[in-house]
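Step one of this worksheet: look at the structure below.
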Amino acid sequence: MNARASTPRRRFYRNSERAWLGGVCAGLADYFGFNLKITRVLAVVALFMATPMAIVAYLAVVVLVPAAPEAAAPRVDPEIRRAVRSSPSQTMADVRGRFKALDRRLARLEKHVTSSRYQLDQEFEQLRD
């Protein structure tokens, strides 16, 4: 099994939960990780710069791209979203600290499992049974 087969595929869906019209801008923002307001502003700019093409493209996406099913809709904790918006650098520092703590814990676990003491304890357990 290769890495590509094990990674989940992202799909582009219209997000009808955060939609104003058809959910296209919300779907684009979710798919690419953009800010929804900026995506909408860019859509309005595109509408003013190339009105017929922007309208045709928007309607084509509304017709051709399905709305996001419940399972595909991203589930983001509102507390995390609020923390990232209020202080992104502090939130990233907190996440980094948590990952470092988890990495240290995993290193201790790996050290224990690969030690000769662990193997000896396993052999004693087998003798008891």
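The table for this structure:
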{"quantity": "Extreme residue, surrounded by the most Cβ atoms within 10 Å (Cβ to Cβ), among residues of segment 15-45 that are among the polar types (S, T, N, Q) and part of a loop (DSSP other than H, G, I, E, B)", "calculated": "15"}
{"quantity": "Meets criteria (in a helix (DSSP H, G or I), touching a Phe, Trp or Tyr at 6+ places or on another chain (Cβ under 8 Å), of a type outside the set (Phe, Trp, Tyr) and under 14 Å from residue 22 (Cβ atoms)) for residue 57", "calculated": "no"}
{"quantity": "Where a residue in segment 30-44 is outside the structural domain of residue 84 (by TED's automatic domain parsing) and its partner, wherever it lies, is surrounded by 12 or more Cβ atoms within 10 Å (Cβ to Cβ) and acidic (Asp, Glu), with Cβ under 7 Å and at least six apart", "calculated": "none"}
{"quantity": "Within segment 114-129, tally of residues that are exposed (fewer than 10 other Cβ atoms within 10 Å of the Cβ) and among the aliphatic types (A, V, I, L, M)", "calculated": "1"}
{"quantity": "Any chance residue 83 is in a helix (DSSP H, G or I), small (Gly, Ala, Ser), surrounded by 10 or more Cβ atoms within 10 Å (Cβ to Cβ) and modelled with pLDDT under 90", "calculated": "yes"}
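For (1) more than 21 Å from residue 16 (Cβ to Cβ); (2) in the same structural domain as residue 16 (by TED's automatic domain parsing); (3) surrounded by 12 or more Cβ atoms within 10 Å (Cβ to Cβ), each residue gets a yes or a no:
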| residue | (1), (2), (3) |
| --- | --- |
| 47 | no, yes, yes |
| 65 | no, yes, yes |
| 70 | no, yes, no |
| 96 | yes, no, no |
| 109 | yes, no, no |
| 112 | yes, no, no |
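The values are calculated or read from the model by the stated rules, or taken from the named source; none is laboratory data. Keep in mind it's a predicted model, so treat the numbers as computed, not measured. We place every Cβ from the backbone using ideal geometry, glycine too, and count neighbours over all the protein chains shown.
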